[in-house]
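Trainee: Submitted below is the structure of interest, expressed as structure tokens.
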Amino acid sequence: MTPAEAIEADELTEAEIRYRRQVARGMYDRGRAAGWREGYAAAEAADAAEWARVTRPVVHGISHAELGERRWGPGGRARFGDPRPGDFPGRAGVREPEAEPELEAG
């Protein structure tokens, strides 16, 4: 091998190395960009699913009328104090014992 052939072979090797580095850099950049896109898409999907899970009871929950009835009972706020089933009926039939009269000192 002559010195000129060696120099030419070395230049071809350097050109091949530069070409491979350029291809590798392009592949890395494209792969990284694709990974970012997929990662953001997955994160957005997860966020959307979590948001839907959290807001579903609020958006598709019970109506205002149902909430009002749960809060104030049947008849609404105007009938809040009325007796309800299961309330204590009082002691209407039971008489309190009468207190003994006090003795006076005399």
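The values are calculated or read from the model by the stated rules, or taken from the named source; none is laboratory data. A quick note: this is a predicted structure, and the numbers were derived from the prediction, not measured. Cβ coordinates were reconstructed from backbone atoms using ideal geometry, including for glycine residues, and neighbour counts include every protein chain displayed.
Trainee: Within region 27-73, restricting attention to residues that are loosely packed, with under 10 Cβ neighbours inside 10 Å and outside any helix (DSSP H, G or I), which residue is farthest from the chain's Cα centre (by Cα)?
Mentor: Ranking the qualifying residues of region 27-73, first place goes to 63.
Trainee: Just to be sure before I move on: is residue 58 at pLDDT 90 or above and not small (Gly, Ala, Ser) in the structure I sent? Don't jump to the end; show me each part of the working.
Mentor: Numbers: at pLDDT 90 or above: no; not small (Gly, Ala, Ser): yes.
It is false that residue 58 is at pLDDT 90 or above and not small (Gly, Ala, Ser).
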